[in-house]
Amino acid sequence: MKATKVNRFDQLITGIKKADRESRKKCNLSINKNTEAFLVTRLSDYLYYKFPTLHYKLEVRPRDILKQLGYLTDEIEKYKDEKDWRINGFLDAVLYYTNTTGREKPAHIIEFKRGKRKVDIQKDCIRLAALVNAAQQSQRKAKKSNRHRLETAYFITTMTHPNGLTEKQVEDPFHTKLEIIDNKIKTCFQEVNFDYRTFRVGPNQVDFEVNNYDVWAAVIEITPQK
């Protein structure tokens, strides 16, 4: 399967649901109750299986991404004090492709968090937007007309809502939060677009017990402007 924009989005959703089923079977937990590492690892394995042209690495430093994008050490050091960038921290997963000379290039970033607090979602989305923007700046610096391979960052979050809510009832308040985040990102990084999908994953489960809540997930996609 080709790793097109539509295919990636669809397979991320399918992969999250698959990881949730595995979590319930093996750990007696819905995915929102399991560790972030569980979802990141299972989802990365699933994408590797579906897209044979890509491989992945976990716990990647943003400063290493900047280096692969062609930024010099002195340039990278300038970003150390940028709180939004957190270049000495780690990204949950990065998907890479290998070019014809055997050199690997970062292609897609995946970051995961549990919860629906706007402040947490905004913090990670701004960081991802900064990296996507940096990739495009590296293209300009190199005077290349084609788009950089680091073209997409995905932020995934899981959340719980009372049983029986419709997709619209879940999406409307979430959309309001994302509009605020979207405006913030556009203010800081004019070269990125912002898209998302929300979907129900299944009932909230802990140790075989199911309560009156459903687990929902959102996949937020950050891409450069065309």
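Treat region 1-41 as a sphere of radius equal to its Kirkwood radius over Cα pairs and apply Stokes-Einstein at 10 °C in a medium of 1.306 mPa s; give the translational diffusion coefficient in µm²/s, rounded to a whole number. For these conditions, the coefficient is 147 µm²/s. Most tightly packed first, judged by the mean number of other beta-carbon atoms within 10 Å of their residues, the peptides 113-123, 212-222, 194-204, 166-176 read 212-222, 194-204, 113-123, 166-176. Starting from the Cα gyration tensor of region 1-112, take the square roots of the eigenvalues, sort them a ≥ b ≥ c, and report rounded, prolate or oblate (rounded when a/c is under 1.5, otherwise prolate if a/b is larger than b/c, else oblate). Here region 1-112 falls in the oblate category. Helical runs (DSSP H, four residues minimum) scored at -39500 (n - 2.57) apiece and divided by the length of the chain put the mean residue ellipticity at 222 nm at -14500 deg cm²/dmol.
Using a simple spin-label model with pseudo-atoms 7 Å out from Cα toward Cβ, Asp64 and Gln169 lie 4.5 nm apart.
Each residue, Lys26 and Glu209, gets one label point 7 Å from its Cα in the Cβ direction; the gap between the two is 2.5 nm. By other beta-carbon atoms within 10 Å, ranking Leu29, Leu178 with the fewest at the front produces Leu29, Leu178.
Legend: residue pairs Lys33/Lys80; Lys67/Lys184; Lys25/Lys123; Lys80/Lys116, Cα-Cα distance threshold 31 Å; pairs beyond threshold, Lys33/Lys80; Lys25/Lys123.
Once the Cβ-Cβ distance of Tyr97 and Asp120 is raised to the sixth power relative to R0 = 30 Å, the FRET efficiency obtained is 0.50. Rounded, prolate or oblate for region 148-197? Axes are the square roots of the Cα gyration tensor eigenvalues, ordered a ≥ b ≥ c, and the cut-off for rounded is a/c under 1.5. Cα axes put region 148-197 in the prolate bin. For the chain, the equivalent ellipsoid derived from the Cα gyration tensor has semi-axes of 31, 20, 15 Å, listed largest first.
Values in this text are rule-based calculations from the coordinates and carry no lab data. Source: prediction; values computed, not measured. Note: ideal-geometry Cβ built from the backbone for every residue, glycine included; neighbour counts use all protein chains shown.
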